[in-house]
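A.B. asks: Handing you this structure, nothing more for now.
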């Protein structure tokens with residue numbers, strides 16, 4: 001690559017630098033314009049990956065579309081009226097990672113934990129361990145969390161930075 005045809009390849013959404021490439025390659029790396037659909041409002045496509053989207057999450061998203069500014073063009077691939085394989089809304093494509101991975105998230109983490117690097121005898125969570133050297137935090141990040149569905153009863157709760165103290169259910 002000569003200095004004359006060297007360009008700065010970057011993300012057009014975040015403006016982050018990706019790499020130095022030649023001018024010809026940079027033109028091939030741009031986002032493709034979308035042409036499908038009658039009411040395509042976005043010329044980009046952002047994948048939104050959910051684990052087990054088909055079960056619970058997709059149903060909630062589709063059910064509550066009408067509560068907000070409902071898009072004109074929703075494309076759905078469905079098994080039936082309540083089980084959605086994939087759907088697309090205004091440039092966001094919702095896909096189910098369970099279709100490709102075939103295992104629960106907890107099972108995937110356990111498989112990663114048992115697999116070790118033969119030479120170093122270290123777990124495969126090198127980057128996570130580097131970011132969270134404290135063992136307690138590290139172990140918390142590897143386990144399944146509990147979501148407080150009953151507590152999150154209004155949109156205002158989303159602005160709170162911590163949960164209330166746990167109340168003993170037998171004392172109430």
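A.B. asks: Per 5 Å bin from zero, what fraction in whole % of the C-alpha pairs of segment 103-166 is there, up to the bin with the longest pair?
C.D. replies: The calculated distribution, bin by bin, is 3, 13, 18, 18, 15, 12, 11, 5, 3, 1, 0.
A.B. asks: Using Cα-Cα distances under 8 Å and only pairs 6 or more residues apart, what relative contact order does segment 103-166 have, in percent?
C.D. replies: Worked out over segment 103-166, it gives 20 percent.
A.B. asks: Same structure, new question: Going by average Cβ density within 10 Å per residue, which order do the peptides 88-98, 131-141 take, highest to lowest?
C.D. replies: Result, highest mean Cβ count within 10 Å first: 88-98, 131-141.
A.B. asks: What's the exposure ranking of 85, 77, going from fewest to most Cβ atoms within 10 Å?
C.D. replies: 77, 85
A.B. asks: If you don't mind, there's one more thing I want to ask. Between residue 65 and residue 11, how many nm apart are label points set 7 Å from Cα along the C-beta direction?
C.D. replies: In this crude label model, residue 65 to residue 11 measures out at 2.7 nm.
None of the figures in this text is laboratory data; all of them are computed from the coordinates on show. All of these numbers come straight from a predicted model, not from anything done at the bench. Cβ atoms come from the backbone with ideal geometry, glycine included; neighbour counts cover every protein chain shown.
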